[in-house]
Amino acid sequence: MPLISHAKAASHASALISTLASFGPLRPDDAVRIEARLGAVTTYPAQADLDVRRAADAGVFWSVAAGWAGTLILMPDGRRQVVDLLLPGDTLEAAAIVRLGLTLHAFTVVRLQEATELARDLSAEEPAALNRAWREMQAAAAARCVRHLSRLGGMMAYERVADLLLELHERERRSGLATSGAVLMPLTQDALADYLGLSNVHINRVLQQLRRDGLIDYGHGRVIIRQLDALEASVGGARSSEPIPRRWPG
């Protein structure tokens, strides 16, 4: 159940606007266009599974305004596999979650802003820069799932953790959440284990090894990347393709 619904607020759109701007130059009035097509914000409690069936029937899209969520596969014996991580600036379609038999889970307190009108507007095959940026952002979300499949199927534990940190660093830079070399990390080691297909003990050992190797430091919900080039080199041979080209706003 949601904690509270809010009237729409422009400030909730900042991560989405920043993410879209990272996929292509936007016009000065594009931020106004985005904000005008966003709806109400609803807050959900941490560690909650969200029932999105009614929203799916209504064709609802959301933008993650704040907090971390994810899509899960829940197994009959209680185990779970995290399929995708959803950060501020990401978008999601309720119907797709239901159609794929996934569960939407709030890892932290999450604020979802309705973006149905925006999605319908920007999905149109128009040459406008904002429409192109929207399509690039949706393509990047699909590529992220392919990258994660490659991560699970072709990488050792050390490489999986390092590659995830590189992905989160890129995504948080795009949304304006973090500066270069810093990664916000509000997930528990149990959640990381469920995402990377490892045990929480194994996650802990890998994080400690990355620290001993001088590549990262971590604590208080944040990872500091000490040697970005070395971290990239640690998974370079395991990547199936080059990452999406980086284009940061500002």
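The values are calculated or read from the model by the stated rules, or taken from the named source; none is laboratory data. Note that the structure is a prediction, hence the values are computed from the model and not measured. Ideal geometry is used to build each Cβ from the backbone, glycine not excepted, and the neighbour counts take in all protein chains shown.
Please state which one of ALA119, ALA124, ALA143 is within 20 Å of the chain's Cα centre (by Cα), at negative phi and either surrounded by fewer than 16 Cβ atoms within 10 Å (Cβ to Cβ) or not assigned by TED's automatic domain parsing to the domain that holds ALA31 (or both).
Working: ALA119 fails: either surrounded by fewer than 16 Cβ atoms within 10 Å (Cβ to Cβ) or not assigned by TED's automatic domain parsing to the domain that holds ALA31 (or both); ALA124 fails: within 20 Å of the chain's Cα centre (by Cα).
Criteria check complete, one pass: ALA143.
Out of all the residues in the stretch 59-80, is one or more under 20 Å from TRP134 (Cα atoms), in contact with a Phe, Trp or Tyr (Cβ under 7 Å, 6 or more places away or on another chain) and not polar (S, T, N, Q)?
Within the stretch 59-80 (the criterion being under 20 Å from TRP134 (Cα atoms), in contact with a Phe, Trp or Tyr (Cβ under 7 Å, 6 or more places away or on another chain) and not polar (S, T, N, Q)), the answer is no, since none of the residues qualifies.
Residue by residue, here is whether (1) over 25 Å from ARG173 (Cβ atoms); (2) buried (at least 17 other Cβ atoms within 10 Å of the Cβ); (3) in the same structural domain as GLY176 (by TED's automatic domain parsing) holds:
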position	(1), (2), (3)
ASP51	yes, no, no
GLY78	yes, no, no
LEU85	no, yes, no
PRO88	no, yes, no
GLU93	no, yes, no
ARG99	yes, no, no
THR103	yes, yes, no
ALA106	no, yes, no
VAL110	no, yes, no
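Here ALA191 meets the list (1) surrounded by 15 or more Cβ atoms within 10 Å (Cβ to Cβ); (2) closer than 20 Å to GLU232 by Cα; (3) touching a strand residue (DSSP E or B) at 6+ places or on another chain (Cβ under 9 Å); (4) touching a residue at least 40 places away in the same chain (Cβ under 8 Å) almost entirely, failing just condition (2). Restricting to the stretch 69-95, and then to whatever is in a loop (DSSP other than H, G, I, E, B) and over 18 Å from ILE34 (Cβ atoms), can you tell me which residue is modelled with the lowest pLDDT? Top of the filtered list is GLY78. Quick check: is even one residue across the stretch 57-68 in a helix (DSSP H, G or I), surrounded by fewer than 19 Cβ atoms within 10 Å (Cβ to Cβ), modelled with pLDDT of 95 or more and not aromatic (Phe, Trp, Tyr)? Among the residues of the stretch 57-68, at least one is in a helix (DSSP H, G or I), surrounded by fewer than 19 Cβ atoms within 10 Å (Cβ to Cβ), modelled with pLDDT of 95 or more and not aromatic (Phe, Trp, Tyr), which makes the answer yes. Give the number of residues within the stretch 120-164 that are in contact with a Gly (Cβ under 8 Å, 6 or more places away or on another chain) and either β-branched (Val, Ile, Thr) or closer than 30 Å to LEU210 by Cα (or both). Qualifying residue count, the stretch 120-164: 2. Residues that are among the hydroxyl-bearing types (Ser, Thr, Tyr) and assigned to a helix (DSSP H, G or I) occur in the stretch 114-124; there is at least one.
Modelled with pLDDT of 95 or more, of a type outside the set (Lys, Arg) and either surrounded by fewer than 19 Cβ atoms within 10 Å (Cβ to Cβ) or outside the structural domain of LEU85 (by TED's automatic domain parsing) (or both): is that true of ALA129 in this structure?
Working: modelled with pLDDT of 95 or more: no; of a type outside the set (Lys, Arg): yes; either surrounded by fewer than 19 Cβ atoms within 10 Å (Cβ to Cβ) or outside the structural domain of LEU85 (by TED's automatic domain parsing) (or both): yes.
So ALA129 fails the test.
Does LEU130 satisfy being more than 15 Å from the chain's Cα centre (by Cα), in a helix (DSSP H, G or I) and under 19 Å from ALA66 (Cβ atoms)? No, not satisfied. Within the stretch 35-56, if we keep just the residues that are modelled with pLDDT of 95 or more and part of a helix (DSSP H, G or I), the residue that is nearest to ARG147 (Cα to Cα) turns out to be ALA56.
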